[in-house]
1. Could you check segment A:32-53 and list, in sequence order, the residues that are more than 30 Å from A:R179 (Cβ to Cβ) and in contact with a helix residue (DSSP H, G or I) (Cβ under 7 Å, 6 or more places away or on another chain)?
2. Just to check your reading of the model, which residue among A:V227, A:V260, A:V314, A:V290 is of a type outside the set (G, A, S) and surrounded by 16 or more Cβ atoms within 10 Å (Cβ to Cβ)?
3. Applying the selection to segment B:164-188, what residues are over 25 Å from B:Y152 (Cα atoms) and among the charged types (D, E, K, R)?
4. Farther than 30 Å from A:K147 by Cβ and within 14 Å of another protein chain (Cβ to nearest Cβ), is that true of A:T219?
5. Which number in (1) of a type in the set (A, V, I, L, M); (2) outside any loop (DSSP other than H, G, I, E, B); (3) surrounded by fewer than 17 Cβ atoms within 10 Å (Cβ to Cβ); (4) in contact (Cβ under 8 Å) with a residue 60 or more places away in the chain marks the one condition that B:A247 misses?
6. So which of A:S99, A:S80, A:S92, A:S74 is surrounded by 24 or more Cβ atoms within 10 Å (Cβ to Cβ), within 17 Å of A:L257 (Cα to Cα), modelled with pLDDT of 95 or more and not basic (K, R)?
7. Which one of these does A:K304 not meet: (1) facing another protein chain (nearest Cβ under 10 Å); (2) assigned to a helix (DSSP H, G or I); (3) surrounded by fewer than 18 Cβ atoms within 10 Å (Cβ to Cβ)?
8. Based on what the data block shows, is A:E161 surrounded by fewer than 19 Cβ atoms within 10 Å (Cβ to Cβ) and closer than 30 Å to A:A134 by Cβ?
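The values are calculated or read from the model by the stated rules, or taken from the named source; none is laboratory data. For clarity, every value in this text was computed on a predicted model and none was experimentally measured. Methodologically, a virtual Cβ is constructed for each residue, glycine included, from the backbone with ideal geometry; neighbour enumeration extends over all protein chains shown.
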2 protein chains.
Amino acid sequence: MSTFKLTVLALSTCMAFAAHAESVRNVPVQPIPAVEITEPEKVELGKMLFFDPRLSRSGFISCNSCHNLSMGGSDNLVSSIGDKWAQGPINSPTVLNSSLNIAQFWDGRAETLQEQAGGPIENPLEMGFTHELAIEVLRSIPEYVEKFETIYGTSDFGIDEVTDAIAVFEETLVTPNSRFDQWLRGDDDALTDFELEGWELFMTSGCVACHNGVNLGGTSFQKMGIVEPYHTLNPAEGRAAVTGIDADRFSFKVPTLRNVELTYPYFHDGAVWTLTEAVDIMGRLQLGRVYDDEENAKIVAFLKTLTGEQPEIVLPILPPSTDKTPKPDPWEE
Amino acid sequence: MSTFKLTVLALSTCMAFAAHAESVRNVPVQPIPAVEITEPEKVELGKMLFFDPRLSRSGFISCNSCHNLSMGGSDNLVSSIGDKWAQGPINSPTVLNSSLNIAQFWDGRAETLQEQAGGPIENPLEMGFTHELAIEVLRSIPEYVEKFETIYGTSDFGIDEVTDAIAVFEETLVTPNSRFDQWLRGDDDALTDFELEGWELFMTSGCVACHNGVNLGGTSFQKMGIVEPYHTLNPAEGRAAVTGIDADRFSFKVPTLRNVELTYPYFHDGAVWTLTEAVDIMGRLQLGRVYDDEENAKIVAFLKTLTGEQPEIVLPILPPSTDKTPKPDPWEE
């Protein structure tokens with residue numbers, strides 16, 4: 001653990017220097033920088049695609065179905081409901097602040113948000129479509145064709161342009177100015193003493209070894225169950241599925257703790273519904289530490305200060321299908 | 001037909017006098033009046049409930065799932081997808097301008113929006129929940145309890161307060177200032193000659209006998225298939241299911257034509273996907289009239305001028321569940 005801990009601390013310190021010129025407290029967590037929108041038209045197109053259920057076979061499931069921006073960018077289900085009510089294999093991670101993670105998906109199999117965005121569209125357990133059919137739908141709708149033409153300079157667009165626009169929209173989904181970030185920037189009154197004691201415990205007892213950086217997570221892959229094994233019925237192998245290395249079995253991307261109050265249930269298997277229980281399990285399994293009730297409550301109080309300003313999303317108005325648009329048929333075999 | 005036509009015309013004229021002091025063209029259709037929001041807090045609460053999937057058994061389906069405000073207040077499916085991927089019995093009518101209809105549901109079985117709102121929550125083919133469980137969920141969430149307390153003066157709220165808030169939100173979902181409404185208010189340039197000829201044909205060939213009033217529909221129940229029978233596999237009985245009168249079999253509430261470009265597929269069985277086909281069928285079955293291609297195109301062009309300003313909806317941020325909130329279990333038997 002200790003070599004790893006040092007590496008992570010060094011890394012997160014680098015990130016702090018790279019990303020922030022502002023004066024912040026010298027701790028291994030940094031505030032979320034404000035997002036700068038440089039391509040507003042692309043963001044708007046990406047938002048439309050994010051909310052458009054016509055990217056699914058059924059015409060019913062959109063990105064927002066499982067990464068609901070009313071609900072912390074998650075679906076608050078153990079695992080997601082997909083095409084034909086399929087049970088998803090893993091808990092839906094929040095899309096909020098996902099641009100701040102080193103990779104996407106629990107096993108990090110997508111290096112970028114763009115690469116991620118193509119996955120669910122063609123996953124039979126999620127949107128159940130194909131990239132080809134999704135493009136056929138979009139190309140049949142003049143308002144979409146026009147937008148792709150304006151933004152990408154071609155009406156001959158494909159999945160790469162679609163996922164690029166979605167990714168650029170998702171990059172705007174950050175949640176700055178949580179009370180903890182206000183404290184990080186020097187406002188001593190932003191946290192209560194109780195919350196501050198929770199943060200100190202979080203730091204001194206080792207949580208911050210993995211949950212660090214701007215996103216309090218998302219900087220590394222770690223084994224679930226270091227000190228004690230984690231028991232689950234979920235068959236996910238974790239990082240090993242990507243690297244093929246046996247030592248990576250049960251290693252998952254450390255999830256962000258930003259907005260964790262909103263993104264229940266917890267862990268890759270979504271087995272735990274309360275922060276109290278999640279903190280207890282993490283303490284015992286990852287750190288070999290049993291927090292007493294007061295300590296647990298303090299850490300939970302601290303975690304709730306990580307809820308930031310949620311993105312204000314004006315619901316997009318989607319352009320209607322045309323006579324040429326392939327029709328959804330949710331109940332076809 | 002003719003007695004009925006007179007009644008409807010008389011009725012719609014009354015409505016015009018009652019609702020509008022402004023000067024508009026003297027035709028049996030009136031522009032949508034601007035909505036006045038008198039209870040903003042209640043509207044906001046209603047919006048939260050409208051978007052909250054925790055009013056469904058699965059925690060996945062909200063009012064907005066089937067009355068999607070990105071998609072003309074409908075789901076653009078033949079019939080809606082419900083709990084456990086159930087196939088809904090009938091096409092989902094748009095929620096937009098629904099406050100301007102004489103009754104709710106295709107068969108008018110709910111007299112008010114409030115009465116309507118309770119239906120889907122406990123329909124096993126829709127949200128699949130019970131009113132009791134929905135209330136238990138809401139009462140476990142302090143931010144909701146506080147809002148009900150502020151607005152209704154009691155923390156002991158039930159389904160009546162929930163559906164009242166949803167209905168008050170829905171009353172704000174009107175789409176004023178369509179190009180046709182601009183024309184109705186006297187702007188001669190708002191329509192092209194082609195569209196205007198479509199409107200004249202719509203009026204002179206009898207469509208307006210049923211599609212009249214502010215909502216171009218929603219003022220009466222009419223038999224589907226007056227001149228020729230309508231063939232469908234959909235078992236819905238229509239108004240007879242409410243009145244018990246045999247003559248009301250296959251009689252449905254005349255749907256609004258407002259935003260009809262956005263609310264495909266058409267008819268109570270959602271069998272028809274294009275306006276061209278819908279106009280053709282309506283002409284033949286209801287009026288005994290075969291429109292030639294140009295006439296059909298004119299009417300379709302007119303219908304597309306009925307798309308109004310869509311409500312600008314800022315996505316609500318829903319308060320998180322608590323340790324006491326009953327947990328959704330989408331795959332339980």
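1. Selection gives A:E39, A:E41, A:K42, A:L45, A:L49.
2. Just a single option satisfies the conditions, and that option is A:V260.
3. Across segment B:164-188, the qualifying residues are B:R179, B:D181, B:R185, B:D187, B:D188.
4. The answer is no for A:T219.
5. (4)
6. Checking each option against the conditions leaves just A:S92.
7. Result: A:K304 fails condition (3) only.
8. no
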